[in-house]
Structure formats: C-alpha cells, structure tokens
Amino acid sequence: MASKLSRLREKGSSDSRLPPTEVGSNWQQKFTDYLRTEAHLAENTVQAYGRDLRRLLSWMGSTAANRIKLSDLSEFVALLQADKLAPASISRAIVTTRMFFKYLQLEGVVQDNPAELLGSQKMWERIPKAITPAAVDRFLAAPARYDTYWLRDVCLLELLYATGCRVSEVSDLLLANVHLDDGFCLVEGKGSKQRMVPIGTRAIAAIKNYLAEGRPDLLGERDPQQAVWLLLSRTGKRLRREAVWELVKRYALRADIDPEVSPHTL
C-alpha cells in the first residue's frame, strides 16, 4: 500500500481511471444507482460521491476489496490530507468510503467492512484533545436502567458518538430517514442540505432496542404519524437540542468527565 500511495502521488489526485478489479466501473455504477434509488439522494450529492469513489478506486488499483484493511484506508485519508483537500471534502470522502464498503458487504463482495471504524475528518482533527477511550466507554455506559428513558438516552449517546452529527441534526433526525438494514441515516445539515451518514453496529443495536421498547413508551397513545422524529421527549414530541445538551452534561458528570464536554468531542 505504501508504494501504491507513492505511485498515486506521482500521478496526481486528479487521476480518475478505474482499476481492472472486481470493484471497478461495474460496481461503481451499481453503487451510484443504489444512492439514487435506495438512499434517494439528490443528484448533485450522488455526483459528488461518485467523484470521491473514483479517487478511492484509483488509489486501490488492482488490489481486491477483500484485501483492504482499516490501516490501508487510514493511509488513504492521510493521502487526502497531504493533497491539501478541504476538510469538508475529506469528510465526504470518508463517508463515501464507509458507505461503499458497507454496500459491498451487503452485496457479498466483502465479508467485513474495514471502513466501519474509519473516523470522520472532525475526529482526525480532534484526536489529541479528545477524551480517552476508557472515558468514552464510561460515558456511553452511563445511562442506567433506573433512568426513566434510559433506552432513548443510550440511543442518543451512541448515535452522537457513531455519526459525529451536530446536536441539531440528531434532534431533527426523522425516523423515516434511519435505514438500519443498510447501516446509514440521512441527515439535514445547514442550508437544508441532506447527506448520508453511516451508522456502526453498536449504534444500530442501541437504536433497535430503543425502537422496540423505549420509543413506544414515549409515544404512548399518540398518533405515530404526528411523531415523525427518531428521538422523542416524554411528551412524544421532538427531543429538542437543549434537552440533548442537558442529557450529555448529565451523563458526562456521571461518567466523571468534564460536564462542559461537547458532543463533537466524542
């Protein structure tokens, strides 16, 4: 992989030739079709992901997808950083990489998804200042069964940690935009721009538990069509972002972490 990185640097990051491998142009077309028909992404978003995918496939060369490891993909991200890509472009490229390997996993091309643990650009920038892995584990385990809405709170914390989404994005997340079988959710960011965000297996399990046992209690006898958000308050309405911040602070204190911790620090 190191020599491959060197060759790609010599070619330049604009090289969009597709490699002679089982994840060449055929799978690229299938993936972009999937983004259009299954993920229902806007055409300009699909085109942007397509450009990211061409860069990834050019970097992979003739290496089979099932031989790619997380350490290899970390080198790919390092290459993007060395090429001075904008942080937003790197973040999108990472999301594209994670979603593409997830798609290959769903299609049976690869058994495991090496990109699942590939962090976001924000995480790469914040690692030196981030809380320790042990502290993260304490924080995610902080909601206890004696907490009234503990399943929702576990879901919330796992979602914040897994996606790196803003508090407002998690608060506004619609239930219909959570695709657990495919391992992603669609979130609306600034300017109502929609993007695809991968969800890891641990967060998926937390969401499933919440949907099975926690959310029905919060919904009560209310009309489900009126409660369109994933995370509900005790009144069955959207869990406001102010409430999300309060919950983060509460569980940070319980986990012996600075209560001023930002969800984006995770």
For this session: Name the residues whose placed amide hydrogens come within less than 5 Å of the amide hydrogen of residue 185, ignoring near sequence neighbours (fewer than 5 apart) on the same chain.
Result: 179, 197, 199
For this session: Round to the nearest 0.05 the FRET efficiency obtained for residue 69 and residue 234 when R0 = 35 Å and r is the Cβ-Cβ distance.
Result: 0.20
Exercise. Where Lys and Arg each count +1 and Asp and Glu each count -1, what net charge lies around residue 188 among other residues with Cβ under 11 Å from its Cβ?
Worked result: +2
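Given a Förster radius of 22 Å and the C-beta distance between residue 117 and residue 51 as r, what FRET efficiency does 1/(1 + (r/R0)^6) yield to the nearest 0.05?
So, using R0 = 22 Å, E works out to roughly 0.35.
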For this session: Would you mind getting me the FRET efficiency between residue 249 and residue 88? Use the beta-carbon distance for r and R0 = 30 Å, nearest 0.05.
Result: 0.60
For this session: Take the Cα radius of gyration of segment 150-266 and divide it by 2.2 N^0.38 Å, with N its residue count; two decimals is plenty.
Result: 1.01
For this session: Taking amide H positions as placed in the peptide plane 1.01 Å from N, state which residues far from residue 174 in sequence (5 or more) or on other chains have amide H under 5 Å from it.
Result: 230
For this session: Give the Kirkwood hydrodynamic radius (Å, one decimal) of segment 128-200, defined as one over the mean of 1/r across all pairs of different Cα atoms.
Result: 13.5
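What does the highest-first list of 90-101, 147-158 look like by mean Cβ count within 10 Å?
90-101, 147-158
Here, each number is a calculation from the coordinates, and none is a lab measurement. These numbers were taken from a predicted model, which means no experiment stands behind them. Glycine gets a Cβ as well: all are built from the backbone with ideal geometry, and neighbour counts include every protein chain shown.
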